[in-house]
Amino acid sequence: MTGCNAYLDGLLEERSKQFGTKRGPPTSPHETPQSENNAAVIYAAISETLAENTEFSSIIPFKDNIFSTSILVAKGAQLLLDSYESVYGSTASNELTHSATVAAAILAIRPIRRIGASIAQENEILKLNEMCALKSASILLKMNIENLNARCVNGSASVGPISFPSDYLSELLSLGENVIASSSSILHFFELPSYYDYNEKTDVSWGEINSIKRIINLFGLLRNTGKTAR
């Protein structure tokens, strides 16, 4: 995971300038700097996932725009975290919750796509995004997950594949489709809705809240089954 660390260090150094979160007071405690951190982690995970799977040459970041894609997914993670806390309270929020919502946002938005496709359904697309979600979690939880990706996406007996429904984030994805026009466009957090604005149009379901909880439980299990901290 050294490649991820290198990406992360460089991105976090410039995050306040690049990710466009310098505006009025945030309407959610998760907008800054946590969303900036998450965007950097997601950027690193997408990059390393693609670098490790070069046989899928036509599979790229969403709209061939890894920077804006990372911001879009980080916003999705923020919305999911705020939704989870609206049900269980802020005391339920910890590093496992944070990593689970980042993973859930990746699984819902599927930032790794096939060229010319919207949400591709091919098995390799699904597996690559699952790998990306696990890489993000490993960075946030400081876990050594060597060989964990293959175990999860292949559905071994010890760790099954992870998934998350996309209904709650479908409105955000639709907005992203319109805003991220090309690889040269730059998306900023202030162009995306706050949790309070977003919730006026859509609401998270109990099924999605329970899916987040299942991912939290999975990451907790993985962390407690002999994984070596970095």
query: Just one of the numbered conditions (1) modelled with pLDDT of 90 or more; (2) of a type in the set (D, E, K, R); (3) at negative phi is not true of GLU146; which one?
result: (1)
message: Given the criteria more than 26 Å from ILE125 (Cβ to Cβ), touching an Asp or Glu at 6+ places or on another chain (Cβ under 9 Å) and of a type outside the set (A, V, I, L, M), does ASN224 qualify?
response: no
message: Between ILE60, ILE125, which is assigned to a helix (DSSP H, G or I), surrounded by fewer than 23 Cβ atoms within 10 Å (Cβ to Cβ), in contact with a strand residue (DSSP E or B) (Cβ under 8 Å, 6 or more places away or on another chain) and not acidic (Asp, Glu)?
response: ILE125
query: Which members of the range 149-181 meet the condition of being at pLDDT below 60 and at negative phi?
result: ASN149, ALA150, ARG151, CYS152, VAL153, ASN154, SER156, ALA157, SER158, VAL159, GLY160
- request: Search the range 201-230 for residues being at pLDDT 85 or above and outside any helix (DSSP H, G or I), and hand back the single one that is nearest to SER170 (Cα to Cα).
  value: THR202
- prompt: Looking at the range 74-111, which of its residues are outside any helix (DSSP H, G or I) and farther than 16 Å from LEU140 by Cα?
  reply: GLY89, ARG110, PRO111
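Condition check ((1) assigned to a loop (DSSP other than H, G, I, E, B); (2) basic (Lys, Arg); (3) in contact with a Ser or Thr (Cβ under 8 Å, 6 or more places away or on another chain); (4) modelled with pLDDT of 95 or more) across all residues:
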| position | (1), (2), (3), (4) |
| --- | --- |
| LEU11 | no, no, no, no |
| GLY24 | yes, no, no, no |
| PHE67 | no, no, no, no |
| LEU72 | no, no, no, yes |
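The values are calculated or read from the model by the stated rules, or taken from the named source; none is laboratory data. Remember, predicted model here, so these are calculated numbers, not experimental data. Note: ideal-geometry Cβ built from the backbone for every residue, glycine included; neighbour counts use all protein chains shown.
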